[in-house]
Amino acid sequence: MFAKETYVQRRAQLKKNVGSGVLLFLGNEEQGLNYEDNAFLYRQDSTFLYYFGISTPSLAAIIDIDNDREIIFGDELSIDYIVWMGVQPTLRDKSESVGITDVRPAAKLADYLHEAIQKGQTIHYLPPYRAEHRIKLNEWLGLPIARQEGSVPFIRGVVAQRNYKTAEEIEEIERACNVTADMHIAAIKAVRPGLYEYEVSAEIERVAHANGCTLSFPTIATINGQTLHNHVHHNLVKEGDLFLIDAGAELPSGYCGDMSSTVPATKFTTRQREVYEIQNAMHLESVKALRPGIPYMEVYDLSARVLVEGMKSLGLMKGNAEDAVREGAHALFYPHGLGHMMGLDVHDMENFGEVWVGYNGQPKSTQFGRKSQRLAIPLEPGFVFTVEPGIYFIPELIDLWKGEKKFADFINYDKVEEYRHFGGIRNEEDYLVTADGARRLGKKIPLTPEEVEAIR
Ligand code: GLY
Ligand code: MN
């Protein structure tokens, strides 16, 4: 948690950004795994954390801009809770530590909202991503569950702050990135034939927990890296496998890291090294291009052109790289985006909809591959985001496109067949845009084939 002034200033700025109405912030509830008291790991809503800093379940807050009021709604701990779960500072003390003196019982929130509606005030809310929030919005505001799209002025007001990381946030993110790098370095050293994927995953979690962190998302630790978000961990690592790791740490403050690395079970084969070098060139060329003003979609296009040129050199693709990328042929091997904003969420503010975070309200492409690019707008100082190009051979996608003769002018399907069981490669680092360029956040993880092999 930051100093009180940080939260006071953030709320003051948000009031200016939105201008009028009542801003409703829904904190997260505990989620029962199989009964109420056996809950999933608790995670407060990131926007609630950003403006109110309190990671306690069952809170809500309002900023009534029209009447200049800031109120936290929640209940003090019952004696039953204290007996079973332990004592904590009171809600009043926690609220005062972030500059809020008006604390009211949770049950009073519905009345406050009803009165505000009757007085003709606009209630602004953010797009809900949890079922209980949808139910509350339905009960309190009378909004049908299927039509709870959120308030655009509120979304824009929050994005205008959270997209620009301050010095104290960058310090937190860098701490999360350092732990994330240590998780990767430990995992890269651990991978070897005869180990199960879950043993590598356990090493990743060990390092996170040993540093007082949790995971910022479920770990990917797999010999089947061609499946982009593969959470299966039961396979045995064999000689010749490529092992893809995508994992990140989350600090108690909520700030995240997110990195990926790909390592051979022992040493790269010639074929693995050739494809790895192409992926590495995509990564390094992208990083070289980072600077204020460059649209991140341009950097994505650049990474895709580097891929096409590399695939041409191996005989897997043909034709003009720019045309291939414009038409989307590269997406057979690179079906995701180059990166995403990162901060309190590993995909920062993705719950608002990417058009508001990475596209400034402009519509997204629907083209396969390009539609997964989550950040398109020109980079600005203070943006923190990932650089994570990848190359994959996905048998089901190859079969589908080959059957349709899709992009036959650009893809040599006969040659692609030789790589059918190659797997996937992704490397990922986290960057901050500075006044005149960009800098990596966190320790360096091995990136080139030589660096990967050197630490094994
Ligand atoms: N690291 C997981 C993701 O970016 O989706
Ligand atoms: Mn990522």
For residue 141, what accessible surface area do you get with a 1.4 Å probe? Give it in Å², rounded to 10. 40
May I ask you to list the residues of segment 234-260 whose amide nitrogen lies under 15 Å from a point 7 Å from Cα along the Cα→beta-carbon direction of residue 196? 234-238
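Can you work out the FRET efficiency for the pair residue 277 and residue 3, with r the C-beta to C-beta distance and R0 = 60 Å, to the nearest 0.05? It would help to have the intermediate numbers written out before the result.
Working: r = 47 Å, r/R0 = 0.79.
It comes out at approximately 0.80.
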Which loop-located chymotrypsin sites (Phe, Trp or Tyr not before Pro) does segment 1-59 contain, where loop means any DSSP state but H, G, I, E or B and the Cβ has at most 11 other Cβ atoms within 10 Å? 40
Just grab the label-to-label distance for residue 415 and residue 78, each label 7 Å out from Cα along the Cβ direction, in nm (one decimal). 6.8
Rolling a 1.4 Å sphere over the protein heavy atoms, what is the accessible area per residue of segment 94-185, to the nearest Å²? 46
Roughly how many whole Å is it from the C-alpha centroid of segment 279-350 to that of segment 112-159? 37
Just for segment 56-164, what percent of DSSP beta bridges are antiparallel, to the closest 5? 60
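Given a 1.4 angstrom probe, what's the average accessible area per residue across segment 275-340, in square angstrom?
Working: 2060 Å² over 66 residues.
Result: 31 Å² of accessible area for each residue.
For the chain, with all protein chains present and a 1.4 Å probe, just round the carbon and sulfur fraction of the accessible area to a whole percent. Working shown, then result.
Values: 9960 of 19220 Å².
Of the solvent-accessible surface of the chain, carbon and sulfur hold 52 percent.
Remind me, what semi-axes does segment 355-456 give for its equivalent ellipsoid, largest first in whole Å, using sqrt of 5 times each Cα gyration tensor eigenvalue?
Details: eigenvalues 193, 114, 17 Å².
Taking √(5λ) for each Cα gyration eigenvalue gives 31, 24, 9 Å.
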Does anyone have the angle between helix 197-210 and the longest principal axis of the chain? Alpha-carbon axes, 0 to 90°, nearest 10? 40
What is the calculated FRET efficiency for residue 439 to residue 141, with r their C-beta to C-beta distance and R₀ = 56 Å, to the nearest 0.05? 0.80
What relative contact order, as a whole-number percentage, does the chain give when Cα pairs under 8 Å and 6 or more residues apart are counted? 14
What area, in nm² and to one decimal, does the C-alpha convex hull of the chain cast on average over all directions? 22.9
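Tell me the GluC sites (Glu not before Pro) within segment 411-456 that lie in a loop according to DSSP and have at most 16 other beta-carbon atoms within 10 Å.
Working: sites: 417, 418, 428, 429, 450, 451, 453; in loops: 418.
Sparse-neighbourhood loop GluC sites (Glu not before Pro): 418.
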Value in Å of the Kirkwood radius, where segment 82-123 supplies the Cα pairs that are averaged: 12.7
Projected label distance in nm at residue 365 and residue 93, using a 7 Å step from Cα toward the beta-carbon: 5.4
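Calculated from DSSP H runs of 4 or more alone, at -39500 (n - 2.57) each and per residue, what is the 222 nm mean residue ellipticity of the chain, nearest 500?
Per the formula, -11500 deg cm²/dmol.
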Mind checking the angle between helix 167-190 and the chain's longest principal axis? C-alpha axes, 0 to 90 degrees, to the nearest 10. 40
Run the numbers on segment 342-456 and let me know its relative contact order in percent, using alpha-carbon pairs under 8 Å that are six or more apart. 24
Segment 15-163, relative contact order [Cα under 8 Å, separation at least 6], %: 23
For the chain, take the longest principal axis of its alpha carbons; what is the angle in degrees between that and the long axis of helix 152-162, to the nearest 10 within 0 to 90? 70
Accessible area expressed per residue, segment 187-271, with surrounding protein chains retained (probe 1.4 Å, Å²): 39
Taking +1 at the Cβ of each Lys and Arg and -1 at the Cβ of each Asp and Glu, which of 127, 107, 392 sits farthest along the dipole of the chain towards its positive end, judged by Cα position relative to the Cα centre? 392
Residue among 442, 242, 412 farthest towards the positive dipole end of the chain, charges placed on Cβ: 412
Using only Cα positions of segment 1-113, each an equal point scatterer, no hydration layer, compute I(q)/I(0) via Debye at q = 0.09, 0.19, 0.24 Å⁻¹ and quote the log10 values to two decimals. -0.25, -1.04, -1.50
With the charge dipole of the chain built from beta-carbon charges (+1 for Lys and Arg, -1 for Asp and Glu) about the Cα centre, the Cα from 183, 303, 137 projecting farthest to the positive end belongs to 303
Cα extents of segment 166-308 per principal axis, largest first, Å, are 47, 41, 21
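Assigning unit charges at the beta carbon (Lys, Arg +1; Asp, Glu -1) and nothing else, what dipole magnitude in debye, to the nearest 20, does the chain show about its Cα centre?
That gives the chain a dipole magnitude of about 800 debye.
The values are calculated or read from the model by the stated rules, or taken from the named source; none is laboratory data. What you see is a predicted model, and the numbers here were worked out from it, not measured in a lab. Every residue, glycine as well, gets a Cβ built from its backbone with ideal geometry; the counts of neighbours run over all protein chains shown. The area values use the complete protein model at the heavy-atom level, side chains included, leaving out ligands, DNA and RNA. Shrake-Rupley method; radii C 1.70, N 1.55, O 1.52, S 1.80 Å.
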